[in-house]
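Here is the structure we will look at.
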Amino acid sequence: MAERIIRETTTRDTTADDTVVERDHNQNVLARLIWFIAGVILTLLAFRLIFSLLGANRSNGIADFVYDVSGPLVSPFFGLFDYNAERVGDSSVFEVYTAVAMLVYTAIAWGLAYLATINRRA
């Protein structure tokens with residue numbers, strides 16, 4: 001007959017380890033929430049940039065919704081550059097301030113997510 005090996009497991013107090021694991025989990029959730037919000041904002045701004053490049057009709061409900069919702073997000077960047085929006089075609093406009101807003105919001109999200117996980121275990 002084959003000899004059976006039985007391993008005995010010992011329990012130890014893991015409250016310190018459990019606290020670290022729970023903290024790491026909470027930090028991961030916070031970082032994911034930050035990136036989710038940033039993703040929604042960046043998606044709206046990307047649609048705004050594409051709609052302006054393609055000359056979307058503002059009387060269309062979807063285009064009007066995107067412009068209305070993203071307006072407050074890009075308004076801090078309106079006076080950043082001293083020129084009129086560059087025309088690409090008859091009704092197409094390249095909104096540099098929207099592109100800059102996307103870069104700034106990405107940098108802010110990266111910084112906040114980094115801060116949320118700064119003391120996480122490796």
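The values are calculated or read from the model by the stated rules, or taken from the named source; none is laboratory data. These numbers were taken from a predicted model, which means no experiment stands behind them. Cβ placement follows ideal geometry from the backbone for every residue including glycine, while neighbour counts extend to all protein chains displayed.
Only a single criterion out of (1) modelled with pLDDT of 95 or more; (2) on the phi > 0 side of the Ramachandran plot is not satisfied by Gly55, namely (1). Sub-6 Å Cβ pairs linking a first residue in the stretch 23-47 that is surrounded by 15 or more Cβ atoms within 10 Å (Cβ to Cβ) to a second residue that is not hydrophobic (A, V, I, L, M, F, W, C) and not in a helix (DSSP H, G or I), at least 6 apart or interchain, are Gln27/Thr117; Gln27/Arg120; Ala31/Thr117, ordered by first then second residue.
Phe94 meets the conditions (1) over 29 Å from Asn28 (Cα atoms); (2) surrounded by 11 or more Cβ atoms within 10 Å (Cβ to Cβ); (3) modelled with pLDDT under 90; (4) out of contact with any strand residue (DSSP E or B) (no Cβ under 7 Å at 6 or more places or on another chain) in every case but one. The failed one is (4). Among the residues of the stretch 55-74, those identified as surrounded by 11 or more Cβ atoms within 10 Å (Cβ to Cβ), within 27 Å of Ile108 (Cα to Cα) and out of contact with any helix residue (DSSP H, G or I) (no Cβ under 9 Å at 6 or more places or on another chain) are Asp64, Phe65.
Name the single residue that is nearest to the chain's Cα centre (by Cα) among those in the stretch 15-50 being among the charged types (D, E, K, R) and modelled with pLDDT of 90 or more. Lay out the reasoning, then the answer.
Let us first name the residues in the stretch 15-50 that are among the charged types (D, E, K, R), namely 17-18, 22-24, 32, 48.
After this cut, where a residue has to be modelled with pLDDT of 90 or more as well, the list is 32, 48.
Values: Arg32: 9, Arg48: 16 Å.
The residue in question is Arg32.
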